[in-house]
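Below is one structure, written out as structure tokens; comments come after it.
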Amino acid sequence: MSDNKKRKSKSESVPAPSASPAKKPKLEDIGPDDDEDDVKRLKVKNPDPSLLNRSKLCPYLDTINRHLLDFDFEKLCSVSLTRINVYACLVCGKYFQGRGTNTHAYTHSVAESHHVFLNLSTLKFYCLPDNYEIIDSSLDDIKYVLNPVFTGRDIRNLDKEDQKMSRTVDGTLYSPGIVGMNNIKANDYCNVILQSLSHVKPIRDFFLIEKNYANIKRPPGDTAFTLVQRFGELLRKLWNPRNFKPHVSPHEMLQAVVLWSSKKFQITEQGDPIEFLSWFLHILHKQLRGNKQPNSSVVYRTFLGEMKIYTRKLPPTELDDVQKQLLLATDEYQEKVETSTFLYLTCDLPATPLFIDEFRENIIPQVNLYQLLAKFNSVSEKEYKTYKENFLKRFEITRLPKFIILYIKRFTKNTFFLEKNPTIVNFPVKNIDFGDILTEENKKQHQYTKYNLVANIVHDGEPNAGTYRCHILQKSTNQWYEMQDLHVTSILPQMITLTEAYIQIYELQEEDDEVLEGKQ
């Protein structure tokens, strides 16, 4: 037999090496970093009960200091400034990265003897440096403060009369939804808008349930959607019935505003609330994948109205009557009609009087709200000037939205400076009939036309500086509150009408509201 044949027969007689059988897991395989999930994964039969219960018991729970916990700020490590895998120390409230050895959280635990940490993404609690998960129902309140969750039943009960007061960690009583907001430096113009929108029922109810907007399809790289998520988080914190403190910081929300407005709106410089409101509503509508249809987003369903704008061009004043008549007969000078939508109505104040009274003091002029609304009655005309041409316009509202935003134009800019009109607007708080400015034909298209005030934003001080505050109606108690950053006080509705109103939000009053609430 040749050598090749010998090798072949020898190779055939020797069996091929088979894979070694899987090693059966034993209790010794469970290391100090394994928790109950690891025990189950290894499928160890009849493990030591102490291994299963070890993750549920922690001797350091009494070191948690709820007074120092604040989850309103950006979730990044206080040392490395990274946003990945961040843990909150529940003893001092600071944020650190990681959990393993040589991480910032691990180092902090060893150096300061702080042992209880919360993963800000997974909402799991861990004990360091031993590195095991803590499972204890007494920590549920911390998890709820970080991520409040509302059910449909919770939301339906928010405006009911039997809504109870909540209590903070230090014993302070507060009402959910009526909580102050931090002013970082000059962001009160944003705070008043966010507070007002948080009491617009359709907006509030939509954003309190995260799944309403969590699965919205958006193009790759569309990071501006963060603005929607931050607004939802802020509303859930404002309405949280189990807050540790009676105020909320809009820090994360405002950082998203600064970023996605390309620094048009800052937290260190005073801005205009109406500009912020207009931009914010449009970007919310866009990020919720809204289009031109009235029901395409919760923003349009709530605030979008419709009007007709009639425009006719005026002939130059230097022409004589004959030339003017000839021009008025041409097509260019005929009245043109266009249909337009609106998210808010701009009300023009009459000019401030220049005379003073016998006491040598300036008279504070007053005007009725219905006089301002007459601009939209389809009859009143207003002149608009451009660089070359003049136009007369009149406005006819054809469809009223569920919530009407009125912008009372107080500031006018000229070549040299900004002027403020201090005229007081007299308005009723309830039963404002917007049907009075509708034509008979348009009025037939509306079942209800009476509105109630739900939010009122006021400007105090000089035009270039000054501060903003807002008045909010709490429906569960029918009580009005004045809110200026962290300061929250109750106020009589009669006092609201004496302020220099700047932006107002009115809610449609449906006569069947009480019947529907009774059925619920």
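The values are calculated or read from the model by the stated rules, or taken from the named source; none is laboratory data. The model shown is predicted, which means the values in this text are computed figures rather than measured ones. Virtual Cβ from ideal backbone geometry, glycine too; neighbours counted across all protein chains shown. Note: accessible area is taken over every heavy atom of the protein model, side chains too, but ligands, DNA and RNA are not part of it. Shrake-Rupley method; radii C 1.70, N 1.55, O 1.52, S 1.80 Å.
For the reader, a short list of remarks on this structure follows.
- Counting only DSSP H runs of at least 4 residues, each contributing -39500 (n - 2.57), and dividing by the residue count of the chain, the helix-based mean residue ellipticity at 222 nm comes to -7000 deg cm²/dmol.
- Whether the range 401-520 is rounded, prolate or oblate, judged on the alpha carbon gyration tensor where a/c under 1.5 counts as rounded: oblate
- As a length-normalised measure over Cα pairs under 8 Å and 6 or more apart, the relative contact order of the chain settles at 12 percent.
- Loop GluC sites (Glu not before Pro), the range 248-329 (other Cβ atoms within 10 Å of the site Cβ: 10 or fewer; DSSP): 318
- Computed over protein heavy atoms with a 1.4 angstrom probe, the accessible surface ordering of 84, 424, largest first, is 84, 424.
- Residue 479 long-range amide H proximity, modeled H, under 5 Å: 474
- Cα shape, the range 148-294, gyration tensor, a/c 1.5 rule: oblate
- The angle between the Cα long axis of helix 3-13 and the longest principal axis of the Cα atoms of the chain comes to about 70 degrees, rounded to the nearest 10.
- Estimated FRET transfer efficiency (residue 420, residue 295; beta-carbon r; R0 45 Å; 0.05): 0.70
- Where 139, 120 fall by accessible area, highest first, once all protein chains stay in place (1.4 Å): 120, 139
- Separation of the residue 391 and residue 497 label points, Cα + 7 Å toward Cβ, nm: 3.6
- 0 to 90° range, to nearest 10: angle between helix 188-197 axis and the chain longest Cα axis: 90
- Using a Förster distance of 51 Å, the FRET efficiency for residue 439-residue 182 (Cβ separation, nearest 0.05): 0.60
- Accessible area (Å², 1.4 Å probe, nearest 10) - residue 260: 80
- Each of the peptides 366-376, 442-452 was scored by the mean count of other Cβ atoms within 10 Å over its residues; in descending order, highest first, they stand as 366-376, 442-452.
- The chain, accessible surface, carbon-and-sulfur percent (1.4 angstrom probe): 50
- Dipole moment magnitude, nearest 20 debye, the range 55-144 about Cα centre, only Lys, Arg, Asp, Glu C-beta charged: 240
- Cβ crowding within 10 Å averaged over residues, with 241-247, 407-413 ranked highest first: 241-247, 407-413
- The chain, accessible area per residue, ligands and nucleic acids excluded (1.4 Å, Å²): 55
- Cα centroid of the range 241-294 to Cα centroid of the range 140-183, whole Å: 22
- Shape class for the chain: prolate, because the ratio a/c of the largest to smallest gyration tensor axis (alpha-carbon atoms, square roots of eigenvalues) is 1.5 or more and a/b beats b/c.
- Neighbour-limited loop hits for trypsin sites (Lys or Arg not before Pro), the range 144-236 (at most 14 other Cβ within 10 Å; DSSP other than H, G, I, E, B): 160, 164, 185, 217
- Rounded to 5, percent antiparallel among DSSP beta bridges of the chain: 90
- Gain on full extension, evaluated as 0.36 nm per residue between residue 368 and residue 275 minus their Cα-Cα distance, stands at 31.0 nm.
- The chain: angle of helix 273-287 to the longest principal axis, Cα-based, in degrees nearest 10: 50
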